[in-house]
Amino acid sequence: MLVVNERVEPADLIVVALGSRGAGVLEAADLVHSGVAKQVAVFTDTSDTVVDREFMRRGISYEDAAALSVRQLRALGVDTIDRIPGSVTGTEDEGPVLADWCDQHGFRSVVVVSGSDHSRRLRRVLHRSMKGHQTRVTVHPARYSVFDPDRWWETRGGIRLEVEELEKLLLDVVRHPIS
């Protein structure tokens, strides 16, 4: 119920969803190497200025999630990487920011890599946000996600992820019944 399974076709761009972390980075690199797209984009996460200042005060540069993803993608052989600017703190923010950015850059097709447990809700958000825009979006769950849809009930972490994402998905359905 939580995992979407859409067919991935060649696209202009692969986008790593904010919460997909390393699983999304690995999947995006695999998609690039399999010829789905040559370019990857990551969301610029909203930095925590208190944390940033404390790292700097201690003489340590702070690497946010976007910088880490860019570094990992380069290490995995991905050459063309963009950072999507905008204030993105969660799933609801990703849709409008991605829609505007795709319009600015003229992308016609995008594959968004997500954690498997999060893919259905993300698809709903992106579907709403992309209405009236020229970009076709496919949501692709990362194979390396911690969440296993076939065995989630066997671990405490799997049960927690199932319950949390199911609650969020149900809330999304209640708030946006036709989506």
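The numbers here are math on the coordinates, done by the rules we state, and not lab data. The structure displayed is predicted, hence computed values, not measured ones. We place every Cβ from the backbone using ideal geometry, glycine too, and count neighbours over all the protein chains shown.
Reducing segment 33-104 and segment 165-179 to their Cα centroids gives an inter-centroid distance of 27 Å. Orientation-averaged projection of segment 36-82 equals 3.7 nm² [convex hull of Cα atoms, one quarter of hull surface area]. Shape analysis of segment 135-179 places it in the oblate category; the axes a ≥ b ≥ c from the Cα gyration tensor give an a/c of at least 1.5, with a/b not above b/c.
Taking amide H atoms as placed 1.01 Å from N in the peptide plane, the amide H of residue 15 lies under 5 Å from those of 41, 111, 112, 113, each 5 or more residues away in sequence or on another chain. With the helix formula -39500 (n - 2.57) applied to DSSP H stretches of n ≥ 4, the chain reaches a computed 222 nm mean residue ellipticity of -14500 deg cm²/dmol.
Taking 0.36 nm per intervening residue step and subtracting the Cα-Cα distance, what contour gain separates residue 176 from residue 54 on full extension? It would help to have the intermediate numbers written out before the result.
Numbers: separation 122, 0.36 × 122 = 43.92 nm, distance 4.03 nm.
So the chain would gain 39.9 nm between residue 176 and residue 54.
Anisotropy class assigned to segment 13-146 is prolate, per the alpha carbon gyration tensor with a/c at or over the 1.5 cut-off and a/b larger than b/c. Say we join alpha carbon atoms closer than 10 Å with springs in a Gaussian network model of the chain; which of 55, 43, 107 then has the biggest fluctuation? Of 55, 43, 107, the most mobile in the Gaussian network model is 55.
Counting 0.36 nm for each residue step from residue 148 to residue 1 and taking away their Cα separation leaves a gain of 51.7 nm. Computed from the C-beta positions of residue 87 and residue 136, the FRET efficiency with R₀ = 25 Å rounds to 0.50.
Counting only trypsin sites (Lys or Arg not before Pro) that are in a DSSP loop and have at most 14 other C-beta atoms within 10 Å, tell me the longest site-free stretch of the chain.
Working: sites that count: 7, 38, 58, 108, 131, 143, 151.
The segment 59-107 is the longest one with no such site.
Sites listed here are GluC sites (Glu not before Pro) in segment 1-69 whose DSSP assignment is loop and whose Cβ has at most 16 other Cβ atoms within 10 Å: 6, 63.
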